[in-house]
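Engineer: Shown below is the structure under consideration.
The values are calculated or read from the model by the stated rules, or taken from the named source; none is laboratory data. Owing to the predicted nature of the structure, the values given are computational and were not obtained by experimental measurement. Every residue, glycine as well, gets a Cβ built from its backbone with ideal geometry; the counts of neighbours run over all protein chains shown.
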Amino acid sequence: MDGISTILWDVGGVLLTNGWDRQQRDAVVARFGLDPADFEQRHAEVDQAWEKDEIGVDEYLRQTVFFEARAFSQPEFLDAMRAQSRVLNDSGIGILRQLAASEEYVLATVNNEARALNEYRLTKFNLLDYFDAFFSSCYLGLRKPDWKIYQVALDVLQRDPEQAAFIDDRPENVAAAVSLGIHGIRYEGAAKLAADLQQLGVALEQDRFHGLKVQEA
């Protein structure tokens, strides 16, 4: 098969805000009056295990927040975590929707996310409607920029690297994909993404992707 047949997408920083990066954590920690330095230390100790699904959300919260009695509940804190997810300003979501509607490409996520947030985001923002497969750290036990997560995606989809493009806002993640021969695209806004995809021969209608957004439930 000649040309690009498969497009792999990061989610946070390309389609949506990040699920639980430093900015999101700081906002929630401040809202609940937690010690930010203590929380960050505790988060760092369990973050990799949480994103690889080696521990669930209950254990993550027990180790980072509810190791002592609190004036708020775990569901309240989890709701605040989820509320940090929004459609990104200058999101690539319109391009994703157009490509999904064309049915010309296999579309899949390759993202680092804990199960509780990943599944909330996929459902909340209707991403299940657009993607064919989900290569998330919480399902594979692998995290970007580990090259193995990209190789698993290629193996499962039965694609050669040159048939795939990978979109991510972080250069180290793009570089890891490129090291396997995948076409890497650094996300720097929807217009730049459209131009980069078109340079790879991906057909897009320029006047259709602007302003398209996912309907929030």
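Engineer: For the subset of region 152-193 comprising residues that are surrounded by 15 or more Cβ atoms within 10 Å (Cβ to Cβ) and polar (S, T, N, Q), which member is nearest to the chain's Cα centre (by Cα)?
Structural biologist: Within region 152-193, the match that is nearest to the chain's Cα centre (by Cα) is N173.
Engineer: Then there is this: Having 1 or more residues that are closer than 23 Å to A83 by Cβ is the bar; report the strands (runs of 3 or more DSSP E) wholly within region 102-185 that clear it.
Structural biologist: Details: elements: 106-111, 133-136, 164-168.
Ranges flagged: 106-111, 133-136.
Engineer: Turning to a different aspect of this structure: Across region 1-57, which residue is nearest to L122 (Cα to Cα) among those that are among the acidic types (D, E) and in contact (Cβ under 8 Å) with a residue 24 or more places away in the chain? Can you show your working first?
Structural biologist: Initially, region 1-57 is screened for residues among the acidic types (D, E), giving 2, 10, 21, 26, 35, 38, 40, 45, 47, 51, 53-54.
Applying the additional criterion that residues be in contact (Cβ under 8 Å) with a residue 24 or more places away in the chain yields 10, 51, 53-54.
Numbers: D10: 12, E51: 15, D53: 17, E54: 20 Å.
Among them, the one singled out is D10.
Engineer: Residue check: is D168 touching a residue at least 40 places away in the same chain (Cβ under 8 Å) and of a type in the set (D, E)?
Structural biologist: When the stated conditions are applied, D168 passes them.
Engineer: Further, regarding this structure: If I ask for residues that are touching a Gly at 6+ places or on another chain (Cβ under 9 Å) and free of Cβ contacts under 8 Å to residues at least 60 places away in the same chain, which ones from region 172-191 would you list?
Structural biologist: Going residue by residue through region 172-191, those that are touching a Gly at 6+ places or on another chain (Cβ under 9 Å) are 173-178, 187, 189-190.
The answer is V174, A175, A176, V178.
Engineer: Kindly provide the set of residues from region 52-99 that are closer than 19 Å to A114 by Cβ and either charged (D, E, K, R) or at pLDDT below 95 (or both), ordered by number.
Structural biologist: Those that are closer than 19 Å to A114 by Cβ and either charged (D, E, K, R) or at pLDDT below 95 (or both): K52, D53, E54, D58, E59, R62, E76, D79, R82, R86.
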